[in-house]
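The values are calculated or read from the model by the stated rules, or taken from the named source; none is laboratory data. Predicted, not measured: the structure shown is a model, and the values here were computed from it. FYI the Cβ positions are ideal-geometry reconstructions off the backbone, even for glycines, and counts take in every protein chain you see.
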Amino acid sequence: MSSQPPGATSPAAVTAQTDTDALFDQVPSLADRPRSVTELPGGLTNRNFKITTINGTFVARVASGGSELLAIDREHEYRNSVRAAAAGVGAPVIEYQPAAGVLVIGFLDGRTLTNADVAEPGTLARIAGACRALHAGERFDGDFDMFEIQHRYRAVADDRGIKIPVGYDDWLTRFEAAARALAVRATPTVPCNNDLLAANFIDDGDRIWLIDYEYSGNNDACFELGNIWGECQLTNEALAFLVTEYYGRPLRNKIARARLLGLAGKYGWTLWGAIQAAVSPIDFDFWSWAMERFDGAVAGFSGSEFDRLLDDVQRDD
């Protein structure tokens, strides 16, 4: 029990505030005083701060350690954020200070979506439009392939002796079967966010913005859609609606493609969560997060529809 007087600030909090003040003093767009700083919730590989100065209101994204283990390239994040803004779906990029690990973007005045919000048909239609706009923009730096990244994550876990879910490798044959089936009708890649969980959608009432480009790279458009399904816990019917809205007509092979890539995402992100559980300084239950993805991947790989999806994805509508 603390003997600290009521209302007093802990020494740790004082140190943290002093550290962030010193950090933001190094960033010209944030250095002016008076300066209001509020830490925003979320951010599993960085800390986010809402900062207001006489120049406006911004969000400062401060990188946490361990990015190299998680397939994050901060230079790519910066340049791809600029391209997403040019496509009309990303926040404006104000400044990047790589030595300080700070990316400054414009503050978007809107509502952060929840899984329930994303599942609304009207919202899904708008999300499909935002994804089309992003995917039609300038190509990104770097590629994102979950089949390659999963192998990288697995090697990290092996090299560092990181605990992974019991039975994880038992499902590798299904993961690889999905990769082979998807390769039969491979399509050109497009610039993707690759991490569109509900908290990365901001609705300002006019448009839906897509934020957070840590994992951005050129990828199969159906990974974007399938990953939304997985991360936002959508039903299969909602995913079919999203894919239909994206392509403008129902396409069975594209729906199957998004489902399989969504399952691949769950399987790969499981290892991301296991690595974070072992190395991240952030106070978050990464292990439970990983197990939620693993359980979802197992349910899909073992489900009665898996073989049909493998067949559908190889067929022409």
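Applying the set (1) more than 19 Å from the chain's Cα centre (by Cα); (2) surrounded by fewer than 16 Cβ atoms within 10 Å (Cβ to Cβ); (3) free of Cβ contacts under 8 Å to residues at least 60 places away in the same chain to Leu40 leaves exactly one unmet item: (1). Evaluate the following for Asp283: is it at negative phi and touching a Leu at 6+ places or on another chain (Cβ under 7 Å)? No.
The combined condition, being more than 20 Å from Glu120 (Cβ to Cβ) and either in contact with a His (Cβ under 9 Å, 6 or more places away or on another chain) or in the same structural domain as Thr189 (by TED's automatic domain parsing) (or both), is fulfilled by Cys222.
The strands (runs of 3 or more DSSP E) falling completely within segment 199-317 include none with 1 or more residues that are closer than 29 Å to Val93 by Cα, modelled with pLDDT under 95 and hydrophobic (A, V, I, L, M, F, W, C). Close Cβ contacts (under 6 Å, 6 or more residues apart or on different chains) running from residues in segment 288-309 that are under 18 Å from Ile275 (Cβ atoms) to residues that are among the hydroxyl-bearing types (Ser, Thr, Tyr) comprise Ala290/Thr270; Arg293/Thr270; Phe294/Thr270; Ala297/Tyr267.
Of all the listed residues (Ala91, Ala133, Ala100, Ala125), the sole one being in contact (Cβ under 8 Å) with a residue 40 or more places away in the chain, of a type in the set (Gly, Ala, Ser), surrounded by fewer than 19 Cβ atoms within 10 Å (Cβ to Cβ) and not in a helix (DSSP H, G or I) is Ala100. Take segment 3-47 and flag every residue that is small (Gly, Ala, Ser), over 28 Å from Phe201 (Cα atoms) and at pLDDT 50 or above. The answer is Ala22, Ala31.
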